[in-house]
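**Q** Let me begin by handing over the structure; questions about it come next.
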Amino acid sequence: MDVDFPIVETEDEVAAVAKACNKMIGSIRDYIEKTRENYERESQLKENELIMKNDLKEAQLRYLQAQINPHFLFNSLNAGAQLAMMEGAERACMFIQNMADFFRYNVRKSGKETTLLEELQLIDSYIYVMNVRFSGEINYETSVDERCLEFKMPAMVLQPIVENALNHGIKGMEGKGVIKLSIYREAGRVLISIKDNGVGISDEMVKKIMNDESIAENQGKEGAGVGMENIKSRLKNYYNEEDVFAIKSTTNGTEVILFLPLDKGATK
């Protein structure tokens, strides 16, 4: 296929046949080249498909492991709680049980919706664990309109805000540190206020948080696993509203307020 017929310009049937043969050979060459390219492309697609299948299997395995490890953790904690109860260590039992409840909520509610009641129960478990850790120094107060308890919202919203109030507000302050959580209805919305009497944060940091600019600065800090920007973004997407989040801060403390539309939370 690499050799052409020699063309002798004799202007007769032999020259016409030679030219036709050369044209046919050229067409066959093109066909062979396209067939080869298609074969190579198909082989590459099959190779890519195999790689994707292997990656999918690895991802599924890692997902399964991610499911198993947290379940193993809080199942082990529950076993420890039962052992502590059998041995009469009631305070240790309560501590382990609250730890188990905290991890169970994180596993079961990850990426899902929940209710205000369940979010409040998670905070109760968190505050209990932290008070054991800090010898009961965290003063936590609540004022809740019970009509809002079944209000629907994204999971893991309130606890990170309370954690920020603890770690960046009242932790290490002189005097009595207080975190107060209030839930009430106002003008067709459910308002959730989480307020501390700590050191406050700067106007510049408030502006950065509201403009989603403080993520990099908070990475690696205790309590920054779920940042304010993440919470704000999830609330906006969940309720399809822009005005869902505000921060007020002075030298006398910080208040985070959530403005959640009552009609979009299917509250009773």
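The values are calculated or read from the model by the stated rules, or taken from the named source; none is laboratory data. Just so we're clear, the structure is a prediction, and the values are computed from it rather than from any experiment. All Cβ positions, even for glycine, are placed from backbone atoms using ideal geometry, and neighbour counts span all protein chains on display. Accessible surface areas use protein heavy atoms only, side chains included; no ligands, DNA or RNA. Shrake-Rupley method; radii C 1.70, N 1.55, O 1.52, S 1.80 Å.
**Q** Rank 145, 203, 196, 4 by accessible area, highest first, at a 1.4 Å probe radius? Can you show the working numbers first?
**A** Values: 145 35, 203 120, 196 15, 4 80 Å².
I get 203, 4, 145, 196, largest accessible area first.
**Q** Using amide H atoms built 1.01 Å from N in the peptide plane, name the residues 5+ places from residue 178, or on other chains, whose amide H lies under 5 Å from its own.
**A** 197
**Q** Using the per-residue mean of other Cβ atoms lying within 10 Å as a proxy for protection, in what order, highest first, do the peptides 25-37, 182-194 fall? Before the final figure, lay out the partial values.
**A** On the way: 25-37: 10.8, 182-194: 16.5.
In descending order of packing, they fall as 182-194, 25-37.
**Q** How much solvent-accessible surface does residue 99 expose, in Å² to the nearest 10, with a 1.4 Å probe and all protein chains in place?
**A** Taking all protein chains as shown, residue 99 has close to 50 Å².
**Q** I've got another one for you. I want the local charge near residue 38. Using Cβ-Cβ distances under 14 Å, sum +1 for each Lys or Arg and -1 for each Asp or Glu among the other residues. Before the final figure, lay out each step's value.
**A** Working: positive: 34, 36, 41, 46; negative: 30, 33, 37, 40, 42.
Its environment carries a net charge of -1.
**Q** Mind giving me the FRET efficiency for residue 263 and residue 207? R0 is 41 Å, r the Cβ-Cβ distance, nearest 0.05 is fine.
**A** 0.85
**Q** Pop a pseudo-label 7 angstrom from the Cα along the beta-carbon direction at both residue 246 and residue 15 and give the gap in nm to one decimal.
**A** Taking the simple label geometry, residue 246 and residue 15 are separated by 9.4 nm.
**Q** Can I ask one more? Given a cut-off of 30 Å, name the pairs among 180/236; 112/176; 171/264 whose C-alpha atoms lie farther apart than that in the structure shown.
**A** Table pairs above 30 Å Cα-Cα are 112/176; 171/264.
**Q** Please work out how much length the chain gains when fully extended from residue 25 to residue 53, using 0.36 nm per residue of separation minus the C-alpha to C-alpha distance, in nm with one decimal.
**A** Details: separation 28, 0.36 × 28 = 10.08 nm, distance 4.15 nm.
Going from the current span to full extension adds 5.9 nm.
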